[in-house]
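Each value in this text was obtained by applying a stated rule to the coordinates, not by laboratory testing. Keep in mind that what you see is a predicted model, and the values were worked out from it rather than measured. Note that we place each Cβ from the backbone using ideal geometry, even for glycine, and neighbour counts take in every protein chain shown.
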Amino acid sequence: MTLSPLLGKSLRNWRERDLIERSMVSWVALIGPDVISLVLALLVKGLEDCVATVRETTISILPELLNIFSPHKEALQQFHYELQRLATSPNYRRRMTFVACQQILALSVDKGGQLFVSRDESSLRSVADLANDSTEGVRIGVARFAGLVLRTLLRDSHPIPTILRNLVRHLSEDSSHEVQAYVAGLSVGLAVEDNILSLASLRLPRKSVIQTATFSRPPLPLSVDPNDEEESTPDLSVQR
C-alpha cells in the first residue's frame, strides 16, 4: 500500500481531497512511521487547498499529527516549518489558516492532559506577529485566538503570559470593531494585576470553550444575559 500516487494527483473533486486529509491519521496508524514524509506533503496540500472545508478538515487533525510527529525530530521540525511558512505568505487566506492552526494546537492537550499553550508560548509569539496585519480578516483571527486562549487559561487557572496580556490590550484598540468584539471586556480585567476579582467574572465554563468554533462569530458581550442564545455559524470546533 502506498500514498505516493496521491502527491502527483490534482483531484478536482474537493470531497475526495477532504477524504484524503481526513484519512491521514488512520494511514499512519495502519502503515507506520515510514509514511510520515508523505503525510507531511499531504498536510501542506490540505492547508493550502482552495476550498475552505478541506483546509478546516486538515486543521482539525493537527493535534493528532503533532503527537505522531513528536518522536521524530526531523518530521517535527518540518511540521513547524511548514506552518510558519503560512504565516509569511503573501496570500492572506494562508495567513488566516496559520492563525487557525495555531489556535487548535494551543488549545489541544498532550497525552498527560496538559494544555499545549501552557508549556509552550511559541504559538502566542507567532500569532502576535500578525496583530498588525493589513487584512482585517487576519486580525479577526488573531483576536479570536487571543480571546479563546485567555479564557481557556483562566478556566484552568493557568497564569496569563505577558505576551498574551499585551496582545489582548493591543487588539482592544484595533481600528476594526469586529476585531475588538472578540476581546471585548478582557483588557479591563487584565488591568488588575492579581487577576482575582475582575478576571473571575470572565471565566467560561468548560463546555462553552469547547463549543466555540475556530471560525465562529464573536462571543456575547459580558453584559448580556447568559440565558440568551448565542447566534453562531461554527465551521470547526476547538478540540481538546
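Here Tyr182, Tyr92 are placed in order of increasing Cβ neighbour count within 10 Å, fewest first, which gives Tyr92, Tyr182. With both labels modelled 7 Å from their Cα along Cα-to-Cβ, the Asp34 to Asp110 distance reads 3.0 nm.
Given Cα pairs under 8 Å that are at least 6 residues apart, what percent is the relative contact order of segment 67-160? Let's see the in-between values first.
Details: 74 pairs, mean separation 20.8, N = 94.
The value is 22 percent.
Rounded to a whole number of µm²/s, how large is the Stokes-Einstein D of segment 86-166 at 10 °C and 1.306 mPa s, given Rh as the Kirkwood radius over C-alpha pairs? Display every interim value, and only then the final one.
Working: Rh = 12.8 Å.
Taking Rh from Cα pairs, D becomes 124 µm²/s.
Summarise the long-distance tail of P(r) for segment 1-135 by giving the % of C-alpha pairs beyond 18 Å. Tail of the P(r) past 18 Å holds 55 percent of the pairs.
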